[in-house]
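All remarks here apply to the structure that follows.
The values are calculated or read from the model by the stated rules, or taken from the named source; none is laboratory data. Note that the coordinates shown come from a computational prediction; the quantities given were computed from them, not determined experimentally. Cβ placement follows ideal geometry from the backbone for every residue including glycine, while neighbour counts extend to all protein chains displayed. Heads up: the accessible areas ignore ligands, DNA and RNA and are worked out on the full protein's heavy atoms, side chains in. Shrake-Rupley method; radii C 1.70, N 1.55, O 1.52, S 1.80 Å.
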Amino acid sequence: MRTILISLMILSTFLPLANAQVADLKGWKVGLATADITPQKPMWLAGYASRTKPSEGAMHPLWAKCLVFEDAQANRSVLLTLDIVGIGADFSQKVRTAISKKAAVPMANILINCSHTHSGPVLDHVLTSIYPLDKDNKAVIASYGTWLADQLIQLSVRAVKDMEPVQLFAKNGVSRVQVNRRANQEKDIDKLKELKGPNDFAVPVFKVQTLSGKLKAIVFGYACHPTVLSGYQWSGDYAGFAQIELEKLYPGTKALFFQGAGGDQNPLPRRTVQLAKQYGKSLAASVERVIEEEMKPLPASFKSAAAGITLPLTTPPTLAELQKIKQDAGSGYIYEWSSNLIDQYKQGKPLLSNYPNYPIHVWDFGGQKLISLGGEITIGYAVKLKEQYGEDIFVMGYTNDVMGYIPTELVLEEGGYEGDTSQRAYGLPSKWAAGIENQILSTINDLINKIQ
Ligand SMILES: [Zn+2]
């Protein structure tokens, strides 16, 4: 009897613990790893055609940060955020293929988001023809790209090893830093009494908390070009300052920034370090408010669907037209762009008539939807997606391939930089054909229906 009693006591002592362990196993697991990716030698800075020399030191380090999520059924997903202007399709494919193998995660469940900082290093095949690069500059860029790819792959492996049971929360905050740069002229910004949209002021936030209540990671996004700074020092721009500020506010926590539909949104006014800090701190305060308030707990179930669609381009310019453009330009990136296309004509190579494999991903973390798109998506996409799927969804741009601007139908019709001429900066022969917005939105709809 005594033995039975003791056994029962032991059982009852252990039961709650055993239950707790079972409950833990059925929750989320998240692993985190970060790497300083600041170039160790002077390199060309990305984003502006007007720079005339390589970098001169760092304002603060550039980061690559990686989170691996695992739900109750052991479905794994990987999110990488980079203080980089953009990555090309080949780079992305190579890194994601390796991560897929090393971290045992399907390709559809790997997102690499670029913050689009204009004070990060140039990578191969992204806007490269806009910079006046010599052979040596190009060699440094190529070797940095190889090193970076390896760092990202290693990050995913380290993040898997770091996995531990966590709770996951989500909520949108708000920040009004962004200004629609198509609807408001930068030169008038100080005197404008009213700023015109469209905008999406949402600040999507994921909170990752260990079971002991420690804040492990904060993932936050915003739709706005990191173009406050245009100098020669490495920095993550306002997004870098926001991450630094959050990591100061919550010691021991890592903050990961992702770029949203910021294609036509600028931080205005801009061009001083103090403004970059102001916007960073302001965005961090928006995230802090969300973190401190009650957030939506997310059940540990992950679903995803992905597609790579072909986006059509309009008819490219003729050889004669290109020769005229080249002559009129005389130098600069339009000159480079037209020269490259003329070379293609002369070699008998067909010019691109469409862009294959435009990446679209829909992720669902226990009911929290995250829609991710490639390229510099303009804000109209976020506005339309929220009209259709609710204000709570998270929208991510600049992910897995940054091949150009992705205008809405309206922006495409209006033209201007985001609707037309930016295609030249990206080396594409012509603007997108009418109908791409509908193609993208209907694919998103199909993907959402797939995982309902
Ligand atoms: Zn841009």
Handout entry: Residue match in segment 335-345 (condition: free of Cβ contacts under 8 Å to residues at least 40 places away in the same chain, out of contact with any helix residue (DSSP H, G or I) (no Cβ under 7 Å at 6 or more places or on another chain) and away from the ligand (no atom under 16 Å from the Cβ))
Key = yes
Exercise for the section: Would you point out which residue out of I87, I112 is within 16 Å of the ligand (Cβ to nearest atom) and either buried (at least 24 other Cβ atoms within 10 Å of the Cβ) or in the same structural domain as L215 (by TED's automatic domain parsing) (or both)? Expected result: I87
Handout entry: Pick from segment 254-272, criterion in a loop (DSSP other than H, G, I, E, B) and open to solvent by 10 Å² or more (accessible area, probe 1.4 Å), ranking: nearest to V177 (Cα to Cα)
Key = L268
Problem - Tally, over segment 200-217, of residues that are assigned to a loop (DSSP other than H, G, I, E, B) and open to solvent by less than 40 Å² (accessible area, probe 1.4 Å) - result: 1
Practice task
Give segment 394-407 a look and list any residue that's in contact (Cβ under 8 Å) with a residue 60 or more places away in the chain and touching a Leu at 6+ places or on another chain (Cβ under 9 Å), or say none.
Solution key: F394, V395, M396, G397, Y398, T399, N400, V402, M403, I406
Exercise for the section: Could you identify the single residue in G221, G240, G231, G280 that is in contact (Cβ under 8 Å) with a residue 24 or more places away in the chain, in the same structural domain as K386 (by TED's automatic domain parsing) and assigned to a loop (DSSP other than H, G, I, E, B)? Expected result: G231
Fill in the blank from the handout: Within segment 115-147, the residues that are away from the ligand (no atom under 16 Å from the Cβ), in contact (Cβ under 8 Å) with a residue 40 or more places away in the chain and either among the charged types (D, E, K, R) or under 19 Å from C66 (Cβ atoms) (or both) are Y144, G145
Practice task
For A72, state whether it is closer than 18 Å to S301 by Cα, in contact (Cβ under 8 Å) with a residue 24 or more places away in the chain and part of a loop (DSSP other than H, G, I, E, B).
Solution key: yes
Exercise for the section: Select, from L447, L410, L428, L352, the only residue that is over 30 Å from V219 (Cβ atoms), in contact (Cβ under 8 Å) with a residue 60 or more places away in the chain and more than 16 Å from the ligand (Cβ to nearest atom). Expected result: L352
Practice task
Select from segment 33-62 the residues that are over 30 Å from G252 (Cβ atoms), of a type in the set (D, E, K, R) and more than 16 Å from the ligand (Cβ to nearest atom) and list them in ascending order.
Solution key: K41, K53, E56
Practice task
Could you please tell me which pairs satisfy a Cβ distance under 7 Å, a separation of 6+ or placement on different chains, a first residue in segment 293-309 that is more than 12 Å from D364 (Cα to Cα) and modelled with pLDDT of 95 or more, and a second residue that is in a strand (DSSP E or B) and open to solvent by 40 Å² or more (accessible area, probe 1.4 Å)?
Solution key: M295/K171; K296/K171; P297/Q167; G308/N357
Problem - Residue among K94, K65 that alone is assigned by TED's automatic domain parsing to the domain that holds Y238, away from the ligand (no atom under 16 Å from the Cβ) and over 22 Å from G221 (Cβ atoms) - result: K94
Completion exercise
Flagged in segment 310-350 as among the acidic types (D, E) and farther than 15 Å from S430 by Cβ, in numbering order, are D328, E336, D343
Practice task
Check whether at least one residue in segment 430-437 is closer than 26 Å to L80 by Cβ and of a type in the set (S, T, N, Q), and report yes or no.
Solution key: no
Exercise for the section: Only residues that are among the aliphatic types (A, V, I, L, M) and open to solvent by 10 Å² or more (accessible area, probe 1.4 Å): list them for segment 137-173, please. Expected result: A139, V140, A142, I153, V157, V160, M163
Fill in the blank from the handout: The strands (runs of 3 or more DSSP E) lying wholly within segment 92-193 that contain at least 3 residues that are under 17 Å from the mean Cα position of the chain (by Cα) are 110-114
